[in-house]
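Bear in mind these aren't lab numbers, they're just calculated from the coordinates by the rules spelled out. Since we're looking at a predicted model, the values are computed, not measured. No Cβ is skipped: glycine too gets one built from the backbone with ideal geometry, and neighbour counts run over all protein chains shown.
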Amino acid sequence: MMGLNFKVKTLFYLDYNRKTLLKDINFEFNEGEIICFLGNNGAGKSTLLKICAGVVEPSYGQVSINQEKISNINNLYRSRMISWLPQSFTRAENFNVEEFLLLERENNIKFLQKSNNEFSIDFSSLLRDFDIASQAKKEIILLSGGEWKRVQLARIWQRKSKILILDEPDGDLDLKHKINLVEKCREYVVKNKAIIFLATHDLHFAKMIANRICALNNGVLTWNSEADIFWNLNILKKLYDLNNQDEFYFKSKESLSF
């Protein structure tokens, strides 16, 4: 049986003003990979992730899962295959954490037509895994930024989708919870034979979590390799247009290990 494959071919995206935001993007990844997209603000990371998630249609080119265009996949099956975490997610009012996650679970069972067995995640374990057990009865609107992000991640995890697309999942997380997310992602791709795409501005988080790095610059994919190959200061200098003074930031962090 063929393993999970995700492919983007000759992808372009133009905005309403016909400005090219993504230009001739090509890549292909397989199950077990965690791919991190890096680049400056406005490089096109979020737009590319939205297209991969099926939230936005490309202007040209195609995105496919196991050689089938996602535009040809019915919404139900696509929703089962892909889980999308945007940079910002509107907080549900009048719900506490437990109610929010349980409602999401019930909606998934009904809408995605999955059985209870397919959602056989132990709810108490889910809360513990994302360190939100003590906030279970807390109103969503009263959560801190980091607590709310962990609730969103728990929401994604309980879906057990084959493809996770996470836009800055480390945002608002402290170091402890970033490390926990790294461990959860590594475990997830193996256990679920999945692929995880993510974008971040935290290079040290990227170094911890990714086994592949893709770099975007002005809508162009300028780098795609195994992570170990990427972590070279000369590449970072070109990607982020750094001067010699900026090198101090990276050299001062070299002794850190996670």
If the chain between D202 and K69 were fully extended at 0.36 nm per residue, the gain over the current Cα-Cα distance would be 44.7 nm
Return the tail of the calculated pair distribution for the chain, meaning the percent of Cα-Cα pairs more than 34 Å apart. 19 percent
Rg followed by Dmax, in Å, when the stretch 1-88 is reduced to its Cα trace: 13.1, 44
How long are the semi-axes of the equivalent ellipsoid of the stretch 61-211, taking √(5λ) for every eigenvalue λ of the Cα gyration tensor, in whole Å from largest down? 24, 21, 14
Taking every Cα atom in the stretch 177-247, find the radius of gyration and the maximum pairwise distance Dmax, and write them in Å. 13.6, 43
If one builds a Gaussian network model of the chain from Cα atoms under 10 Å apart, the most fluctuating residue listed among R159, R18, R78 is R18
By the mean-Cβ-within-10 Å protection proxy, highest first, 168-179, 31-42 rank as 31-42, 168-179
Could you pull out the pairs from K23/K178; K23/K45; K50/K162; K45/K184 whose alpha carbons sit more than 20 Å apart here? K23/K178; K45/K184
For the stretch 119-203, what is the convex hull volume of its Cα atoms per residue in Å³? 98 Å³
Within the chain, helix-based [θ] at 222 nm, where runs of 4 or more DSSP H residues each add -39,500 (n - 2.57), nearest 500: -10000 deg cm²/dmol
So what is the relative contact order of the stretch 123-243, in percent, for Cα pairs below 8 Å that sit 6 or more residues apart? 18 percent
Which one, N217, N5, V151, is farthest towards the positive end of the dipole of the chain when Lys and Arg carry +1 and Asp and Glu -1 on their Cβ? N5
Using the per-residue mean of other Cβ atoms lying within 10 Å as a proxy for protection, in what order, highest first, do the peptides 124-131, 86-93, 20-27 fall? 20-27, 124-131, 86-93
To the nearest 20 debye, the chain has a Cα-centred charge dipole, built from +1 on Lys and Arg Cβ and -1 on Asp and Glu Cβ, of 520 debye
Percent RCO, i.e. relative contact order, over the chain, from Cα pairs under 8 Å lying at least 6 residues apart: 28 percent
